[in-house]
Amino acid sequence: MLTLYQISYLHPDKEQLFDHLGFSIPKGQKVALIGNNGSGKSTLLKIIAGQLTPAAGEIKLDATPYYVPQVFGQYNHLTIAQALGVHDRLQALHHILAGDVSEANMDILNDDWTIEERCAEALGLWGLSGLHMNQCMDTLSGGQKMKVFLAGIHIHQPELILMDEPGNHLDIAGRNQLYDFISQTSKTLIIVSHDRKLLNLLNTMLELSAGGITVYGGNYDFYKEQKHIADQALQDHLQSKEKALRKAKEKERETLERQQKLDARGKGKQEKAGVARIMMNTLRNQAEHSTSKLKLAHAEKISGISQELQQLRSAMPDMDQMKLGFDDSDLHKGKLLFKAEGLNFNYGSVEVWKKSLHLSLLSGERLALSGPNGSGKTTLIKIILGDLKPEQEVYSAIRHAVYIDQEYSLIDNSRKVYEQAQQFNTGALQEHEIKIRLNWFLFGRDDWDKPCAALSGGERMRLLLCCLTISDQSPDLIVLDEPTNNLDIQNIEILTHAINNYKGALIIVSHDAYFLEQTGIERTINLQ
């Protein structure tokens, strides 16, 4: 179905993204393309789709791929029909039905007489019956745009389907429909996704990294087992190298001490024997040269082991350092933070919720908000945070809350990484202490002067967690609004670990069921 031979790709600035990649995917296989942010997953998908040209290598395809993109802004100026590549055929069909049976129109239609019915049926399948094909894409929500491209699968009936984060922007019902399609289809699939429930529906993992492509047969859970075994082997290797480094340093100390004793003993014998001063100087120089050679040999060995250790440690991010190290002494578990009875909110004369809400939030509680797009999740969050004032009286004892959206917009794009960290330094940490914490969250010396505007989603998330740690002001409440949408799996695990170390109240809006499970959600409020 698909074979890649020696594929290489250069960014426009000539930086190499990957080199000599190769793999094959047989017909009917369901494949996940996984890897950290920046590894080139989306780029590789676009190369297979024919939207980007590799610097070298060859691609062999037995079918025309259909591509479901992740970012939709580039389609905003198009109609639905244009975005799906069926505008010309629909126009030709209408011209023919109106009596214009020119050869040009017949060639464009290419006997596809059911194109209009398939378009209507496809939109209906994804709950988009109210849309028309000439409607502009910029009038649609993110979830509707994604469903439009998913509907295109039914229209084009491709044998090879490429999807880049297809679960993004979909509500729970939309995700479940996507899961059903993936489970039931016999088409060949290549999917980039961080949705671990979706990844468990696929039968092969292709991991893209700086070292190339590694193939794992099985779903995501199997991949995690294999990675755990590999990480344990890496940990064992790390401990072995640490032991070797300690032995090398001990050996260096013992050898130098022995050499110094030999040199001192030899010097004493020479003085007793009355060796001439000029000969004594020569012998001393020889001893110093011998000691220097020993030091150099040991230093080279120690340096080599140290470099290997540094490489091994960089391959194993320390999750224990990447946590929200708040002073939790002011947080009293079970304290009432928020309460509302008969709560609703009016935009004009229209109430947001069909039934008024009765809810309370306790300190330390973990709560999920769920509901379809437009069900008022954001409105409720703004009321809880005090940004909206309802007509009904509400009780709130929330002194300090942190709202984290999917863009991590608490990060100021006009600042550089270190400057941003310094802005949160309410505890008067010294410069070196701030830089140590940046290192904990994988921001090394080369990153400190990087503009925040250039950071990926995962980097923005890690920088924000680092900044919250630097501030050391423990919030009563953290609200996470679709926090995993722009993260790779490694960064989702970092976020999960950090959040699980937080002792205050937590509200999460997310369609990622696996993330909700891992963060210990205790109850869910379903909004209609």
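Here Phe181 does not qualify as touching a strand residue (DSSP E or B) at 6+ places or on another chain (Cβ under 9 Å) and either part of a helix (DSSP H, G or I) or within 29 Å of Gly374 (Cα to Cα) (or both). Would it be correct to say that Leu128 is over 22 Å from Ala32 (Cβ atoms) and open to solvent by less than 20 Å² (accessible area, probe 1.4 Å)? Against the criterion (over 22 Å from Ala32 (Cβ atoms) and open to solvent by less than 20 Å² (accessible area, probe 1.4 Å)), Leu128 qualifies.
For the stretch 210-223: of the residues being farther than 20 Å from Ile182 by Cβ and open to solvent by 50 Å² or more (accessible area, probe 1.4 Å), which is modelled with the highest pLDDT?
Thr214
Just the residues that are of a type in the set (Asp, Glu) and either crowded, with 16+ Cβ neighbours inside 10 Å or in contact (Cβ under 8 Å) with a residue 60 or more places away in the chain (or both), please, taken from the stretch 349-401. Across the stretch 349-401, the qualifying residue is only Glu365.
For the stretch 199-216, how many residues meet the condition of being in contact (Cβ under 8 Å) with a residue 40 or more places away in the chain and not in a strand (DSSP E or B)? Write out each step before concluding.
The first filter runs over the stretch 199-216 and keeps only residues in contact (Cβ under 8 Å) with a residue 40 or more places away in the chain, leaving 199, 201-210, 212-213, 215.
Among the residues that remain, those that are also not in a strand (DSSP E or B) are: 199, 201-203, 210.
Selection size over the stretch 199-216: 5.
Of all the listed residues (Ala104, Ala151), the sole one being surrounded by fewer than 19 Cβ atoms within 10 Å (Cβ to Cβ) and either touching a Lys or Arg at 6+ places or on another chain (Cβ under 7 Å) or among the hydrophobic types (A, V, I, L, M, F, W, C) (or both) is Ala104.
Note on the stretch 445-460: residues that are open to solvent by less than 30 Å² (accessible area, probe 1.4 Å), among the hydrophobic types (A, V, I, L, M, F, W, C) and out of contact with any strand residue (DSSP E or B) (no Cβ under 8 Å at 6 or more places or on another chain) total 1. Restricting the stretch 371-404 to residues that are in a helix (DSSP H, G or I) and touching a Leu at 6+ places or on another chain (Cβ under 6 Å), the residue that is farthest from Pro475 (Cα to Cα) is Lys377. For the stretch 107-119, the candidate set comprises residues that are within 11 Å of Ile155 (Cα to Cα) and surrounded by 16 or more Cβ atoms within 10 Å (Cβ to Cβ); within that set, the residue that is nearest to the chain's Cα centre (by Cα) is Cys119.
Residues in the stretch 379-417 that are at pLDDT 90 or above, closer than 30 Å to Glu431 by Cβ and touching a Lys or Arg at 6+ places or on another chain (Cβ under 7 Å): Ile411, Lys416, Val417. Scanning the stretch 402-423 for residues that are open to solvent by less than 40 Å² (accessible area, probe 1.4 Å) and farther than 25 Å from Thr519 by Cα returns Val417, Gln420, Ala421.
The values are calculated or read from the model by the stated rules, or taken from the named source; none is laboratory data. All values reported here derive from a predicted model rather than from experimental measurement. Every residue, glycine among them, receives a Cβ derived from its backbone with ideal geometry; neighbour counts consider all protein chains shown. In case anyone asks, the SASA skips ligands and DNA or RNA and just uses the protein heavy atoms, side chains included. Shrake-Rupley method; radii C 1.70, N 1.55, O 1.52, S 1.80 Å.
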